[in-house]
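K.L.:
Pasting a structure here, questions to come.
Values in this text are rule-based calculations from the coordinates and carry no lab data. Please read all numbers here as calculations on a predicted model, not as lab measurements. A quick note on method: Cβ atoms are made from the backbone with ideal geometry, for glycine too, and the neighbour counts reach across all protein chains shown.
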Amino acid sequence: MSTRLQTKGRLVNRDRQISFSFNGKRLKAYEGDTLASALLANDQMLVGRSFKYHRPRGVVASGAEEPNALVNLGEGHRFEPNARATTTEVFDGLKAGSQNHFPSLEFDVGAINQHLSRFLPAGFYYKMFIHPRPLWKHVYEPFIRQSAGLGKAPDAETRDPDTYEYFHAHTDVLIIGGGVAGLTAALAAGRAGAQVILCEQTADWGGRAAVDGDEIDGMPVEEWIKNALQELESMKNITLRTRMMGAGVYDHGYVLCYERLTDHIGPSEGPRHRLWKVRAKQVVTATGAIERPLSFAGNDIPGVMLASAVRDYAINYGVSAGDRTVVVTNNDDAYRTAIAMLDAGLSVPAVIDVRATPDTPLIERVKSRGVRVMQGMAIAKVKGGKRVTGVSVCSQAGEGAVLEDIACDVVAMSGGWSPVVHLWSHCGGKLTWDEAGAFFRPDPTRAPLSFDGTPFVIAAGSANGEMDEGAVLADAYTMGQEAAKRVGATPKGAAPTAKDTAQAPLLPVWMMPQGASYKLRSKMWLDYQNDVKVSDVQLAAQEGYESVEHTKRYTTLGMATDQGKLSNINGLAILAQELNAPIPQVGTTTFRPPYTPISMGAIAGEAKGEIFQPLRRTPMHDWHEAHGVYWEPVGHWRRPYCYPQSGESHEDAVNREVVNTRENLGLLDASTLGKLIVKGPDAGKFLDMLYTNMMSTLKPGRCRYGLMCSENGFLMDDGVVARIDDDTFLCHTTSGGADHIHAHMEEWLQTEWWDWQVHVANVTEQYGQIAVVGPKARDVLQSLGGMDVSKEALSFMGWADGTLGGIPVRIFRISFSGELSYEIAVDAGRAQELWELLHANGQQFGVMPYGTEALHILRAEKGFIMIGDETDGTVIPQDLGLHWALSKKKADYLGKRAQQRTHMTDPDRWLLVGLETVDGSVIPDGAYATGEGTNANGQKVVQGRVTSTYYSANLKRGIAMGLVLNGPDRMGEQLTFLKTDGTAVHARIVDPVFYDKEGVKQDV
Amino acid sequence: MSEAVSALKSAEYQGFARVSECGLRGMITVRGDLASRKLTKAVEDATGQQMPKPRMVNTDGPSGIAWMSPDELLVMVPYADVTGKLAQIDKALAGEFAMAVNVSDARAVFALNGNAREVLAKLSPADMRRSALPAGEMRRTRLAQVPAAFFADADDAFTVVCFRSVAHYVFDLLKAASDPSSDVGYF
Amino acid sequence: MLILHCPNCGVMADETELTAGGEAHIKRETVGSDDAAFEQYLFQRENPRGVHFERWRHTSGCGKWFHAARCTASLEVFGTYPAQTVEPPKEITDKITAKRPGWSWRSFS
């Protein structure tokens, strides 16, 4: 069983005991424990089930590479699946649970899959679920969805109560990894005077050196780490961060770092995670190395662990994974585990070493303590179900004939070490195969390049392929200095030193024993989480998969949440062997960020709740809010949709507002309308190019409605242009168009007609804009006094400056409703004041504010088009019968040439008409009119569609506009529109102007 | 007669930095040839400040000139004076290819005191190190999802300018970013 | 996530402060152009693996357009220059020639 040792554990505080729960069981831990070490201390080796076969899974590793120990954390609003127990720090009250099992971790019915594993080989899903096709939707897909995913998704009703944020940091050098290599590189770069950020993903500095190391600079490793930190902390140019992982390296020195601020203490004040968006001139990846598992039968049984992890738990946390540890290895390093176990007073029945190698100091040390070292040997199979009970030993050279059984409860395996090259590779850094170490290492001649074409990532220490401490320190110091040099600093000081223990070369062994039968190979796990075995990769190769990227997707090797940190090299070595190709030729799969999963909260940053999105408020926002508004989001704006009175439905409110505006007086907040000032000697010429109609002939004091098209000829915006003086125009755009039409104007001025003398300014938000609409509009303005608003003084399509009730205003006599209408622009700071004044004085005239829905109905009654309803980016002005707005006098305007293209002049384009339902009902928006027969795809032929449709309270019937094939030539003809429920509605083609066809009401 | 009001009516928040809405500021966007002597004189006369170098801001209290782009300045004056100053600039620029428009009501202005660089670095991708953004330099950038501009004075207090419609959003952003439990300790 | 030097205001701008504007140095075709020339203008674009000329706008910044000469494979930026030109400046084409001998892009080389 696994348990807490008497020895102290360097990272835990034995004076502070805390309690946590696992699957509802209350357990004890010490401050400093990871969830994995605490579970092991409580003899909880079984922590989960694998994805495909639901095999029992135990802790394998001690760090970010862990594939098995994935748990649910927290509950309710803070529930989170798939947290790695090895990187989760335990705090008092932490609640964890195992996942992917039913009904319980100990007894799981899904485990039946493992007995079916012969029928669930590589590519099973692709082979099984392809035929017969009709079964996909109702049988296969629901089945796969049911069994997909490891952890459970958080309840849809929960809301993450925590906050998150970004932090943009710019620095000379970013060093990722706070082991001795990272510390050394930081010393080198820091002493040179470069500005440095050094980050470490765990809570502790020094990495694994303190577990394995002997001495640095003649002192114990821990002491050296303390001194190094002291020196780094004393330097003002160095920022040190723990619990911050380098997650991804991107273009031009952009690096995402994931800082976990409160995960180790539980729910607290302040942000939970902070996503650092670092811009570094140089990035040093001192990310260390990861030990590789060995492939032998039963290597997935709980209790089979990485050799380094077994000693990490003992030395760092004072936790033994078991009493009897068999070490199995192809290198010297694993012998350190045997020594650590012996030092902890535990038993090591044997070290099984596939090599036949002369004794080196490490082997000597193990042997001298009476441990049996079995050379040239291998594990034939591991015995046990939910826990290792022993191993059967065989000769590595043979086919697995068992020579001997050894009882044990832990198997500590080591297949050598692979540098963590992920961050080096994210942005295009290339790798080279290291024959001696049997690993891929960064190729410094093919580093990721920055904007100036120079390399910006440097690997240091083990991440650079140096596996001995002395070499690591020397390399890291050199690389830290190199980073400093590249940012213009001058290297100083000398590298720390360590004596290396001589080691015998590693023997690359990718399968154990060498001639293992299918039966054994089908029990050799490569990917523990996704259940990919040696036999699966071999099958893929036999079926013709040669590319490692294809094999990965076919077998799902390395596609689990650990992204194959343990399995990839072993898997591709098996593939290479099977293809009879050298490993470097087979290559690796692509390393993609993030290094380990980061929270969705961190990705969203501050953008949640009230600040999820900018919400744009007009100057009268508070008034609307206080008067019972029902809001409509319009882009980022909030606009009043309607103002329901007590007991009134939205529909009733809209109908009331529509009728009142036609009969009495309505007030509309039109502030969101775009307002662009275009000024300069060439302003008229410029606007003649931008609008389809002529603007240069407009007289100062007058307004003109205009259309804007893109260079593709499509209608993009419309609005009223007012000429302020000879040189100055004020262009109104749609609410959604203010920013992009401003940008459109600047683009043409800056990039095409840069010699034209025109300036543009966006003054949209300088003004609140109030539409005063209805037969009593003039009366209310006159009651305020200050300027002459009579028909004579301010005629239709004119504008004037003046004051109203003492407030300076500019009034435009324009109408989007067909009523007598004044649009009043007022400085935003006084807009609400004017609105209140109009509302108060309007009482005697029956004033009511109206919202966007009433605005839409009023314009539809008049047959006025709306950008975004009648247009969708494929509609040209000709489609909408707006020929009158297309100047024939102008040689050119944006879109003119495009409108001459054959498709644009096709007589069969659908054209705008009005639609009047036979039964007076409202046609659903977007409904299509059916034609005769079917098209080439067997679909019903259509001959038109609805673009705007409303109930008109003034006409007391449904009205609509639509685009219809030859529409204007088919007046009175009846069309059939299909509803989504399969029924139909019949409508007659009519003139799109439904109300006041002569236009007398607006011009009084 | 009533007073014109700013978007947030001088709202305040105290976190590890202090966020205060400054009320209305007189602001005039001037576009034209910044090398023109006539234009230079017009804006210098209106503010009592010198024409700034590219990206720089010259201010004294409510009056100042900020370089916004190769053909754009932001002229700052007391809000009450803006109509008069605009007329003065317009007159001085007569006959010149240039434009001056009042944008005072289109903006919201915040003062950020305390560790303002840290607050802004959470929201903007700009390099907030003193070496990269010294006192008196205007940085036009974005704060989270909206455009904004800011500059520091000699005491490292920042003036932040954004559009009026998003004043509420920007205030909430600055509040969240200066939450007392969220200081980073980088600057 | 690129970082580009805005030649108009001098800021090293983050990609999130910029708006990409597609291919640079496109000549406008209009009324009077034949269909082939107009199609070329509206729709035909280069998509090279290597040297490319692009338009960018410093949107969350000075608001000005500029051009960038860039390698789409290595992401190296050979230079940025104001948009008011119909061809890349010689110093930039010289730099590209030094780094990518034999390059060509549309009519430039």
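K.L.:
Under the rule of at least 5 residues apart or a separate chain, name every residue whose amide H is placed under 5 Å from the amide H of residue A:767.
P.N.:
Close amide H contacts, sequence-distant or interchain: A:828.
K.L.:
Related question: How large is the dipole of region A:671-846 about the Cα centre if only Lys and Arg carry +1 and Asp and Glu carry -1, each at its Cβ, rounded to the nearest 20 debye? Walk me through the intermediate numbers first.
P.N.:
On the way: 13 positive and 23 negative charges, 138 e Å.
About 660 debye.
K.L.:
Further question: In nm, to one decimal, how far is the residue A:934 label point from the residue A:156 one, both placed 7 Å along Cα→Cβ?
P.N.:
So the two model labels end up 3.4 nm from each other.
K.L.:
Follow-up question, since we're still on this one. If the label point is 7 Å along Cα→Cβ of residue A:1004, which residues in region A:763-806 have backbone nitrogen under 13 Å from it?
P.N.:
Answer for this model: A:773-780, A:791.
K.L.:
Rounded to the nearest 500, what is the 222 nm mean residue ellipticity of chain A from helices alone, with -39500 (n - 2.57) per DSSP H run of 4+ residues and division by all residues?
P.N.:
Taken over chain A, the calculation gives -6000 deg cm²/dmol.
K.L.:
In addition: Among A:171, A:187, A:247, pick out the residue whose Cα is farthest towards the positive end of the charge dipole of region A:128-271, where Lys and Arg carry +1 and Asp and Glu carry -1 on C-beta, about the Cα centre.
P.N.:
Of the options given, the answer is A:247.
K.L.:
How many angstrom separate the Cα center of region A:396-447 from the Cα center of region A:223-294?
P.N.:
Their Cα centres are 25 Å away from one another.
K.L.:
Let me ask another. For region A:395-528, what D do you get in µm² per second when you plug the Kirkwood radius from alpha-carbon pairs into Stokes-Einstein at 25 °C and 0.890 mPa s?
P.N.:
134 µm²/s
K.L.:
Further question on the same structure: Give the lysines reachable from residue B:38 as a straight Cα distance under 22 Å; neighbours fewer than 8 places away on the same chain don't count.
P.N.:
Residue B:38 reaches A:679, B:53, B:85, B:91.
K.L.:
I'd like the orientation of helix A:180-191 relative to chain A: the angle between its Cα long axis and the longest Cα principal axis, in ° from 0 to 90, rounded to 10.
P.N.:
60 degrees
K.L.:
If you don't mind, another one. Considering every residue in C:53-59, what mean count of other chain Cβ atoms within 10 Å of its Cβ is obtained?
P.N.:
Partner-chain Cβ atoms within 10 Å, mean over residues of C:53-59: 2.
K.L.:
What spacing in nm lies between the two simple spin-label points modelled at residue A:645 and residue B:83, each 7 Å away from Cα in the Cβ direction?
P.N.:
Going by the 7 Å Cα→Cβ label model, 3.8 nm.
K.L.:
Next up: Count, for each residue of A:736-744, the Cβ atoms from other chains sitting within 10 Å of its Cβ, then give me the mean as a whole number.
P.N.:
Working: counts 0, 0, 0, 2, 0, 0, 1, 5, 0.
Across A:736-744, the average partner-chain Cβ count within 10 Å equals 1.
K.L.:
What value, in deg cm²/dmol to 500, does the helix sum -39500 (n - 2.57) over DSSP H runs of n ≥ 4 give at 222 nm once divided by the residues of chain C?
P.N.:
Taking each H run of at least 4 residues, the total per residue is -5000 deg cm²/dmol.
K.L.:
Something else: Rank-order A:926-934, B:31-39, A:29-37, B:176-184 by packing density, defined as the average count of other C-beta atoms within 10 Å over each peptide's residues, highest first.
P.N.:
A:29-37, B:176-184, B:31-39, A:926-934
K.L.:
Another one. By the gyration tensor of its Cα atoms, with a ≥ b ≥ c the square roots of the eigenvalues, what is the shape of region A:143-234: rounded for a/c under 1.5, prolate for a/b over b/c, or oblate?
P.N.:
prolate
K.L.:
Please name which of B:110, A:588, A:495 has its Cα lying farthest along the dipole of the protein assembly as shown towards the positive end, using unit charges on Cβ (Lys, Arg +1; Asp, Glu -1) and the Cα centre as origin.
P.N.:
A:588
K.L.:
Would you work out the relative contact order for region B:26-105, in percent, from Cα pairs under 8 angstrom that are 6 or more residues apart?
P.N.:
Working: 159 pairs, mean separation 33.5, N = 80.
That works out to 42 percent.
K.L.:
In nm, give the distance between the simple-model label positions of residue A:956 and residue A:494, each being 7 Å from the Cα along the Cα-to-Cβ direction.
P.N.:
With each label point 7 Å from Cα toward Cβ, the separation is 10.3 nm.
K.L.:
May I ask you to order A:175-187, A:878-890, A:694-706, C:40-52 by the average number of other C-beta atoms within 10 Å around their residues, highest value first?
P.N.:
Going from most to least packed, we get A:175-187, A:694-706, A:878-890, C:40-52.
K.L.:
Would you mind checking the tilt of helix A:852-861 against the longest principal axis of the Cα atoms of chain A, expressed as 0 to 90 degrees and rounded to 10?
P.N.:
It works out to around 50 degrees.
K.L.:
What's the exposure ranking of A:136, A:417, going from fewest to most Cβ atoms within 10 Å?
P.N.:
Least to most surrounded, the residues fall as A:136, A:417.
K.L.:
For q values of 0.10, 0.14, 0.16 Å⁻¹, compute log₁₀ I(q)/I(0) with the Debye formula on a Cα-only model of region A:799-956, without solvent.
P.N.:
For the requested q values the scattering log ratios are -0.60, -0.96, -1.10.
K.L.:
Sticking with this one: Could you work out the equivalent-ellipsoid semi-axes for chain B, taking the square root of 5 times each eigenvalue of the Cα gyration tensor, largest first, in whole Å?
P.N.:
Working: eigenvalues 173, 70, 32 Å².
Largest first, chain B gives 29, 19, 13 Å.
K.L.:
So how do A:748, A:631 line up by other beta-carbon neighbours within 10 Å, fewest first?
P.N.:
Ranking A:748, A:631 by Cβ neighbours within 10 Å, fewest first, gives A:631, A:748.
K.L.:
Kindly put A:285, A:158, A:360 in sequence by how many other C-beta atoms sit within 10 Å of each C-beta, fewest to most.
P.N.:
A:158, A:360, A:285
K.L.:
State the answer as a single residue: which of A:737, A:937, A:766 lies farthest towards the positive end of the charge dipole of chain A, with beta carbon charges of +1 for Lys and Arg and -1 for Asp and Glu, about the Cα centre.
P.N.:
A:937
K.L.:
With only Lys, Arg, Asp and Glu charged, each at its Cβ (+1 for the first two, -1 for the last two), find how big the charge dipole of the protein assembly as shown is about the Cα centre; round to the nearest 20 debye.
P.N.:
1640 debye
K.L.:
If I fit a long axis through the Cα atoms of helix B:37-47 and take the longest principal axis of the Cα atoms of chain B, what angle between them do I get, 0 to 90°, rounded to 10?
P.N.:
60 degrees
K.L.:
Averaged over peptide C:4-15, how many Cβ atoms belonging to another chain are found within 10 Å of each residue's Cβ?
P.N.:
Per residue, the average neighbour count from other chains is 5.
K.L.:
Here's something else I'd like to know. Once a ≥ b ≥ c are taken as the square roots of the eigenvalues of the Cα gyration tensor of region A:863-944, is the result rounded (a/c under 1.5), prolate (a/b larger than b/c) or oblate (a/b not larger than b/c)? Working shown, then result.
P.N.:
On the way: a/c = 2.74, a/b = 1.52, b/c = 1.80.
It comes out oblate by the Cα gyration axes.
K.L.:
A further question follows. Report the full-extension gain for the segment residue A:585 to residue A:15: residue separation times 0.36 nm, less the Cα-Cα distance, to one decimal in nm.
P.N.:
199.8 nm
K.L.:
What's the magnitude of the charge dipole for region A:3-114 around its Cα centre, counting Lys and Arg as +1 and Asp and Glu as -1 at the beta-carbon? Answer in Debye, nearest 20. Display every interim value, and only then the final one.
P.N.:
Numbers: 15 positive and 12 negative charges, 36 e Å.
Dipole magnitude for region A:3-114 comes out near 180 debye.
K.L.:
Taking 8 Å as the Cα distance limit and 6 or more residues as the minimum spacing, I'd like the relative contact order of chain A as a percentage. Mind dumping the intermediate values first?
P.N.:
Values: 2419 pairs, mean separation 90.7, N = 1004.
Value for chain A: 9 percent.
K.L.:
Can you tell me, using C-alpha contacts under 8 Å and at least 6 residues apart, the relative contact order of region A:322-408 as a whole percent?
P.N.:
Rounded, it is 24 percent for region A:322-408.
K.L.:
Continuing with the same structure: Taking H as built 1.01 Å from N, whose amide H comes closer than 5 Å to the amide H of residue C:5, not counting residues under 5 places away?
P.N.:
Under 5 Å from the amide H of residue C:5 lie the amide H atoms of C:13, each far enough along the sequence or on another chain.
K.L.:
Then there's this: Indicate the gyration tensor shape class of region A:537-582 (rounded, prolate or oblate), computed on the Cα atoms with a ≥ b ≥ c the square roots of the eigenvalues: a/c under 1.5 is rounded; otherwise a/b larger than b/c is prolate and the rest oblate.
P.N.:
Oblate, since a/c reaches 1.5 and b/c is not below a/b.
K.L.:
D for the protein assembly as shown, whole µm²/s, Stokes-Einstein with Kirkwood Rh over alpha-carbon pairs at 4 °C and 1.567 mPa s: what number?
P.N.:
Roughly 37 µm²/s, to the nearest whole number.
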